1. Do any residues in the stretch 130-144 that are among the aromatic types (Phe, Trp, Tyr) have Cβ atoms under 8 Å from those of residues that are in a helix (DSSP H, G or I) and surrounded by 20 or more Cβ atoms within 10 Å (Cβ to Cβ), where the two are at least six apart or on different chains, and which pairs are they?
2. Does Leu162 satisfy the criteria of being in a loop (DSSP other than H, G, I, E, B), of a type outside the set (Val, Ile, Thr) and crowded, with 20+ Cβ neighbours inside 10 Å?
3. Have a look at Leu378, Leu389 and point out the one that is part of a helix (DSSP H, G or I), out of contact with any Gly (no Cβ under 6 Å at 6 or more places or on another chain) and closer than 27 Å to Asp141 by Cβ.
4. Any idea which of (1) at pLDDT below 95; (2) under 30 Å from Tyr27 (Cβ atoms) is the one Ala126 doesn't satisfy?
5. Checking the condition among the aromatic types (Phe, Trp, Tyr), under 18 Å from Trp158 (Cβ atoms) and in contact with a Gly (Cβ under 6 Å, 6 or more places away or on another chain), which residue from Phe42, Phe34, Phe97 passes?
6. Does Val251 satisfy being assigned to a helix (DSSP H, G or I), surrounded by fewer than 14 Cβ atoms within 10 Å (Cβ to Cβ) and free of Cβ contacts under 8 Å to residues at least 60 places away in the same chain?
7. Scan the stretch 1-56 residue by residue and report those that are free of Cβ contacts under 8 Å to residues at least 12 places away in the same chain, in contact with a helix residue (DSSP H, G or I) (Cβ under 7 Å, 6 or more places away or on another chain) and hydrophobic (A, V, I, L, M, F, W, C).
8. Of the residues Trp318, Trp301, which single one is part of a helix (DSSP H, G or I) and of a type in the set (A, V, I, L, M, F, W, C)?
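The values are calculated or read from the model by the stated rules, or taken from the named source; none is laboratory data. Computed from a prediction, not measured in an experiment: that's the story for all the values here. For neighbour counting, all protein chains shown are included, and Cβ atoms are generated from backbone atoms with ideal geometry for every residue, glycine included.
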Amino acid sequence: MQLLPLIGWGGMIYLIWVLWSDSPNRYFIPTLTFKLLAGLCFGALYSYHYQGGDSLTQFGYSSQLYHMFNQNPSQYWTTLWGMNTTIVGVEPRSSFFIKIVSLVNLLSWNSYWISTLFLSTLSFAAVWSLVMRSTRLYGIDFRLILVALIFFPSIAFWTSGLVKETLTYAAMCVVIWSVLPLMSDGSFKWRDILLGLFSLLTLWKLKYYHAGTLLIVLIPMIIYSLIKQRGLSQKKNIAAVLVSLLMAILVVSTLHYNLNLTRLFELIVSNNEIHLAQSTQEKVIHYNELSPTLSSMTYNWPIAIFQGLFGPQLWQSWNMLSFMQAIENTILLMITMISLPYMKRLIQRDYMTAFLSMIYILTLASFLSLSTPNYGTLSRYKVAYLPFLLIYIFLSLPLNTWAKKIRPSKDPD
């Protein structure tokens, strides 16, 4: 048993060494340190300020599994593989996360803080790999991607602690990382694809709606990239993308009963009512007579988009933490408005990728804010789409030119 923590620490150090060897640059250690500190700050907030919450509750369940492993390993493995639910008798997605954390606990002496460091390191490895690959393949300024995917405050906070978003964000980054070469020049490695499929399955088990939306967009985006590389006509390209987009929507809608198009609106309204009943009035988004009809959804869609991207604003805050969140959202709204005149050039450069990316961002922003009107919960869920909005904003603004004039960027390789 004492050997497992040594394996955990050795594996974490080896992973850091591999990442450093593959891309040694001056930002590596500061970024890793920032990510680990963000995870510890997350843990400290829930441990000492809130003194509770999902993070500590789920760690408590995973600790039960840890003690089960010490007393009866066979019972532990039976529970882990879903054949015994007497201990992890909670919602399936939370149960899956608890089981993963229990494996991490075996490597961390069942320490909340060491498990947090391990998960933060795993998240860092996934995001750093995506940053490096996207920079190499597309020549994007390294620092802009780094800020969008790692350093933006709410993204750093919600993707670094012992919380589901840490794993879902990491899984999402690995999925995108695995298909970037295919989209860039048509090349791929089976090892990358298999790792991407494993990450997609993990993402599906944790947040199926996130994985489903990502699939709906990635499939036509890959097809578009492959067709573009072959030099086919623009009309054929557009037709192929639209057909593949429609097919992806239909296929994904059959993969989970909650994604079925015939009951999607009902599920959104039902979740909305649950959150409203559990929250105080100042902490929620208020819609106009929301009902499971297309007309009601369409009428409330602009509110959902705005709140999903930029809510709460300063006048909607209710305490210091929400005020800090509102400051971030206000800044985000301002830079988004500033970037709009510049975004036309970016869209014209690759309009189809921009079109599909906006579908992903706006779909998640609207559906999540409609079904999860609680501002606090929504701030966590934003990490599924906010980084991509930030990337478009940063690439649209002339920040790249300004940054190079102030301090030329070195090749991260």
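1. If the second residue must be in a helix (DSSP H, G or I) and surrounded by 20 or more Cβ atoms within 10 Å (Cβ to Cβ), the pairs left are Phe142/Val131; Phe142/Thr135.
2. Here the answer is yes, as Leu162 does meet what is asked.
3. After applying the criteria, what remains is Leu389.
4. (1)
5. Details: Phe34 fails: in contact with a Gly (Cβ under 6 Å, 6 or more places away or on another chain); Phe97 fails: in contact with a Gly (Cβ under 6 Å, 6 or more places away or on another chain).
Sole residue among the options that is among the aromatic types (Phe, Trp, Tyr), under 18 Å from Trp158 (Cβ atoms) and in contact with a Gly (Cβ under 6 Å, 6 or more places away or on another chain): Phe42.
6. Values: assigned to a helix (DSSP H, G or I): yes; surrounded by fewer than 14 Cβ atoms within 10 Å (Cβ to Cβ): yes; free of Cβ contacts under 8 Å to residues at least 60 places away in the same chain: yes.
Here the answer is yes, as Val251 does meet what is asked.
7. Within the stretch 1-56, just Trp20 meets the criteria.
8. Among Trp318, Trp301, only Trp301 is part of a helix (DSSP H, G or I) and of a type in the set (A, V, I, L, M, F, W, C).
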